[in-house]
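The values are calculated or read from the model by the stated rules, or taken from the named source; none is laboratory data. Note that this is a predicted model, so its numbers are computed, not measured. Heads up, the Cβs are rebuilt from the backbone with ideal geometry, glycines too, and the neighbour counts pull from every protein chain shown.
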Amino acid sequence: MRRRLGLVALLQTGQMLAMLWLPALNADVIDDGVLRGDSGHVVELGMVMLAVTCAQVLCAGGAAYLSATIALAWGRELRQAVFSRILALSAHEVSRIGRAGLITRGTQDVQQIQQLALNALTVMVVAPLTAVGSAALALRQDAPLGLVLSVVLPTLTVALWLVLRRTLPLSAAVQQRLDHINRIMRERLAGIRTTRSFDRDSHEEARFRIADRAMMRTGLALGRAQALIMPTFTVVIELSSIAVLWFGGVRVAADDIEMGTVIAFLHYLSLMLQAVMMAMGVFLQASRAGASVGRVQEVLRTGATVDLPRQSVGRPVHPPGVLIESVGFRYPGAQDAALHSVSLTVAPGETVVLTGAVGSGKTTLLHLVARLGDPDGGRIAVGGRDVRALDRDTLAEAIGLLTQRPYLFSGTVAEHLRRGAPEADDRALWRALELAQARDFVEATGHGLDAPVSAGGANLSGGQRQRLAIAQLLLKRPSVYLLDEPFSALDAGTAARLRAVLDDETRTAARLVVSQHMATLRAADRVVVLDRGRVVGQGPHADLLADNTVYRDIVLARGGRVEAS
């Protein structure tokens, strides 16, 4: 990268030297050739000018090509860094920044920064050296005409400062408005069924119109500020050219200087103003990209709440069990802890069901075992190894997590299933689908394993998504199953068949299940009752029903048939 940057600087220096040499050659052509009638001198210098122009074009083309490759490489690395950091963010950090904000940061903001890098590389040497060199050579041609520069440069500097002072805050405001529009669009698309069921289309349209108008007003304010740039530069350039021609003509008439000197001075003045305009363009883009840089840095500087080691310290014993010892956890910003000194074990071949009221910490505990977060106190071990000492691959190999609302990535059924077992053949896929009670609806699509799956499983019902997720888990065959309400979207018959399959297929694995379904509670080896983040009882279903009032209330709430249970 450094070599390529050095080569860009070298090529741009060559481009700049050629560009600055041409006006001097042109002055010689006029003064020593045209005015003296020396055609041979004109032809000779014309050939030199042609060679210099060709060298300038080659240097400019090479510098532009290398600048583009460097900027694109930077953009690619920045996108990868942002994406990797987003993957490491906790659910709390994602909620704090916002999904719409993260999408904008990883796409449009990175694109803005990449374009700024490209333009900055294109002029990083040419603009400053051309401006300084043009001013120096113009003064060398005729120092008295240099008084024009003493007026032009301060005028341009003040104009640039005024524009940047106005555009910097407006650029940040435009990005914030864009985030707001993206958030409204995401909410509208994600909640389209809810919106229509409550007849809130007009309300959502009004929300979007308000956000869109705010975006338009801010964009117009930014556009008006930037629209002053070109007229200001044009006026300054034209007035300076008129001044040079006026005062230069007076000096030519007085035989103080030659006509070629005036023409060369005018060319150098034009080159200097062009260099200032190029730098001005980069500054203006920097004012827009400055907001993007800050927003991307916010993501990159957000520390990962879960720091996975690169290499495991030892490996879990096989088959592994789960040990949860005095675990406490509080969500950032929450007043009360979600878990208080929770302790339990899950042995290989054992099914332990977590139950309790909404908000009792069941899913939180499951996510801590999967290391989607780290406890504030205590420890969690899988196979005798603290999960904080296991690298990502080892942990993913040992644990299989089924969330209550599984997310399916876009692709085909086969691609979805092979995310857990990349080497599985079609026969293994069909077996997993059959075990998960999903074969019938996959065959009914007419495409078999090539049946399309939309992002989020939008083209499937809740029960179909749940069964495909279970099929993927069965294909992966982890040693520890973490199941969050695995049958919540299934009818009683399908749930019963699938429960029997899971008992048979996972009989040697440790199974930690979150559920309030009576059939699941009755079939469990042990039920752990959570209440406001605390374990208030554990044991077989029948024992808890007789001795634990919290559990008895849960059973009553599920149907009120304590005796039948």
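Give the residue, chosen from Thr412, Thr403, that is under 30 Å from Ile324 (Cα atoms), surrounded by 14 or more Cβ atoms within 10 Å (Cβ to Cβ), touching an Asp or Glu at 6+ places or on another chain (Cβ under 9 Å) and of a type outside the set (Phe, Trp, Tyr).
On inspection, the qualifying residue turns out to be Thr403.
Take residues that are among the charged types (D, E, K, R) and tell me which of the helices (runs of 4 or more DSSP H) falling wholly in the range 472-565 contain 3 or more.
492-505
With respect to (1) crowded, with 17+ Cβ neighbours inside 10 Å; (2) at pLDDT 85 or above, the lone exception for Ser341 is condition (1). Being touching a Phe, Trp or Tyr at 6+ places or on another chain (Cβ under 7 Å) and either on the phi > 0 side of the Ramachandran plot or not assigned by TED's automatic domain parsing to the domain that holds Leu354 (or both) holds for only one residue in Gly448, Gly456, and it is Gly456.
Of the residues that make up the range 30-43, is at least one at pLDDT 80 or above, loosely packed, with under 14 Cβ neighbours inside 10 Å and not in a loop (DSSP other than H, G, I, E, B)?
The answer is yes; a qualifying residue exists.
Only one of these is part of a helix (DSSP H, G or I), surrounded by 19 or more Cβ atoms within 10 Å (Cβ to Cβ) and touching a helix residue (DSSP H, G or I) at 6+ places or on another chain (Cβ under 9 Å): Gln112, Gln108. Name it.
Working: Gln108 fails: surrounded by 19 or more Cβ atoms within 10 Å (Cβ to Cβ).
After ruling out the rest, the residue left standing is Gln112.
Residue pairs whose Cβ atoms lie under 8 Å apart, separated by 6 or more positions or on different chains, with the first residue in the range 121-144 and under 23 Å from Met259 (Cβ atoms) and the second of a type in the set (S, T, N, Q) and buried (at least 19 other Cβ atoms within 10 Å of the Cβ), are Gln141/Thr261; Asp142/Thr261. Within the range 539-553, residues that are closer than 9 Å to Val529 by Cα have Cβ atoms under 8 Å from residues that are assigned to a helix (DSSP H, G or I) and aliphatic (A, V, I, L, M) in these pairs: Tyr551/Leu544; Tyr551/Leu545, counting only partners at least 6 apart in sequence or on another chain. Within the range 478-510, if we keep just the residues that are surrounded by fewer than 16 Cβ atoms within 10 Å (Cβ to Cβ) and without any contact (Cβ under 8 Å) to a residue 40 or more places away in the chain, the residue that is nearest to the chain's Cα centre (by Cα) turns out to be Asp491.
In summary, helices (runs of 4 or more DSSP H) completely within the range 119-197 and bearing 3 or more residues that are out of contact with any Pro (no Cβ under 8 Å at 6 or more places or on another chain), aliphatic (A, V, I, L, M) and farther than 20 Å from Leu222 by Cα occur at 126-141, 147-190.
Please determine whether any residue of the range 257-269 is outside any helix (DSSP H, G or I), over 27 Å from Gln111 (Cβ atoms) and in contact (Cβ under 8 Å) with a residue 12 or more places away in the chain. Before the answer, list the steps.
First, pick out the residues of the range 257-269 that are outside any helix (DSSP H, G or I): 257-258.
Now narrow it down to the ones that are over 27 Å from Gln111 (Cβ atoms): 257-258.
So of that shortlist, the ones also in contact (Cβ under 8 Å) with a residue 12 or more places away in the chain come out as 257-258.
Within the range 257-269 (the criterion being outside any helix (DSSP H, G or I), over 27 Å from Gln111 (Cβ atoms) and in contact (Cβ under 8 Å) with a residue 12 or more places away in the chain), the answer is yes, since at least one residue qualifies.
Can you name the helices (runs of 4 or more DSSP H) wholly within the range 358-457 that have at least 3 residues being at pLDDT below 90? Can you show your working first?
On the way: elements: 362-369, 392-398, 413-417, 426-435, 439-444.
In the range 358-457, 392-398 are the helices (runs of 4 or more DSSP H) which contain 3 or more residues that are at pLDDT below 90.
Restricted to the range 372-392, and to residues there that are surrounded by fewer than 20 Cβ atoms within 10 Å (Cβ to Cβ) and of a type in the set (D, E, K, R), the residue that is nearest to Leu339 (Cα to Cα) is Asp376.
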